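Remarks on the structure that follows.
The values are calculated or read from the model by the stated rules, or taken from the named source; none is laboratory data. Just so we're clear, the structure is a prediction, and the values are computed from it rather than from any experiment. Counting neighbours? That spans all protein chains shown, and the Cβs are built from the backbone with ideal geometry, glycine included. Accessible surface is based on the protein model in full, side chains and every heavy atom, while ligands, DNA and RNA are left aside. Shrake-Rupley method; radii C 1.70, N 1.55, O 1.52, S 1.80 Å.
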Amino acid sequence: MKLVGYARVSTVEQNLDMQIAALKAAGCSEIFTDHGLSGADFQRPGLLKALRQIKRGDMLVVWRLDRLGRSLVDLIQTVNGLSKRGCDFRSLTESIDTSSSGGRLVFHMMAAMAEFERAIISERTKAGMEAARARGSRIGRRPSLTDFQTEAAKRAVEIDMEPVVDVAARYEVHPKTLARVLRSVRID
């Protein structure tokens with residue numbers, strides 16, 4: 001099993017030395033780094049190189065979980081991706097090692113908590129939207145055209161036979177937007 005290390009610091013002023021020393025002490029034969037890149041940004045060249053380097057049977061090692069990603073969801077996706085490829089994951093500070101049954105249990109519990117958190121957020125969002133609708137609030141984007149503009153545009157296209165492109169330009173909307181709005185409206 002080859003141990004591949006990954007280290008990251010968020011700002012240019014920070015130093016990678018402590019993480020690199022810990023990864024070397026853990027036995028990492030290769031260490032990839034990102035310097036001055038946020039964990040929220042998943043386009044991290046060092047991490048992408050590390051993930052490409054890891055083969056079946058290898059292990060990705062980080063000093064601390066937050067070095068791999070800022071969000072638990074991203075962290076879980078990364079580790080699950082490694083698992084699907086037959087690779088393991090280890091975090092030195094939290095003592096999580098997915099090559100052991102206890103490490104897998106801890107990680108699966110974290111994944112379950114993340115799923116639970118996503119479900120709660122979704123439920124709260126839906127409840128908030130329902131409450132807003134009950135108060136009479138409009139949910140979503142504002143309409144591109146007012147009711148008066150929609151009716152005038154419908155008459156211009158259907159009665160006066162003006163091209164949709166010209167009417168759309170007049171109301172400063174895309175012709176496809178105008179066509180969609182006109183399909184949903186009936187004039188009396």
Open item on the list: So for segment 72-80 (the condition being in contact (Cβ under 8 Å) with a residue 12 or more places away in the chain, surrounded by 11 or more Cβ atoms within 10 Å (Cβ to Cβ) and more than 25 Å from Ala22 (Cβ to Cβ)), does at least one residue qualify?
Closed with: yes
Open item on the list: Would you confirm whether or not segment 42-49 contains a residue that is more than 20 Å from Lys2 (Cβ to Cβ), in contact with a Pro (Cβ under 9 Å, 6 or more places away or on another chain), outside any strand (DSSP E or B) and in contact (Cβ under 8 Å) with a residue 24 or more places away in the chain?
Closed with: no
Open item on the list: Just to be sure I understand, how many residues within segment 1-32 are part of a helix (DSSP H, G or I), free of Cβ contacts under 8 Å to residues at least 40 places away in the same chain and either acidic (Asp, Glu) or within 9 Å of Val61 (Cβ to Cβ) (or both)?
Closed with: 1
TODO: Go through segment 64-178 and tell me which helices (runs of 4 or more DSSP H), entirely inside it, have 3 or more residues that are closer than 30 Å to Ser10 by Cα.
DONE: 65-68, 72-84, 101-134
TODO: For Ala112, state whether it is more than 30 Å from Gly27 (Cβ to Cβ), without any contact (Cβ under 8 Å) to a residue 40 or more places away in the chain, open to solvent by 80 Å² or more (accessible area, probe 1.4 Å) and out of contact with any Asp or Glu (no Cβ under 7 Å at 6 or more places or on another chain).
DONE: no
Task: Unique match (being exposed (fewer than 15 other Cβ atoms within 10 Å of the Cβ) and within 26 Å of the chain's Cα centre (by Cα)) among Thr98, Thr33, Thr11 - done: Thr11
Open item on the list: Going residue by residue through segment 172-180, is there one that turns out to be out of contact with any Leu (no Cβ under 7 Å at 6 or more places or on another chain), open to solvent by less than 50 Å² (accessible area, probe 1.4 Å) and under 30 Å from Gly27 (Cβ atoms)?
Closed with: no
- [ ] Enumerate the pairs (first residue in segment 129-151 and under 20 Å from Val167 (Cβ atoms); second residue anywhere and surrounded by 10 or more Cβ atoms within 10 Å (Cβ to Cβ) and small (Gly, Ala, Ser)) with beta-carbon separation below 8 Å, excluding pairs fewer than 6 apart on the same chain, so at least 6 apart or on different chains.
- [x] Leu145/Ala153
Open item on the list: Please pick out the residue among Glu130, Glu117 that is open to solvent by 60 Å² or more (accessible area, probe 1.4 Å) and touching a Leu at 6+ places or on another chain (Cβ under 9 Å).
Closed with: Glu117
Task: Qualifying positions in segment 133-147 - surrounded by 10 or more Cβ atoms within 10 Å (Cβ to Cβ) and either in contact with a Phe, Trp or Tyr (Cβ under 7 Å, 6 or more places away or on another chain) or among the basic types (Lys, Arg) (or both) - done: Arg133, Leu145
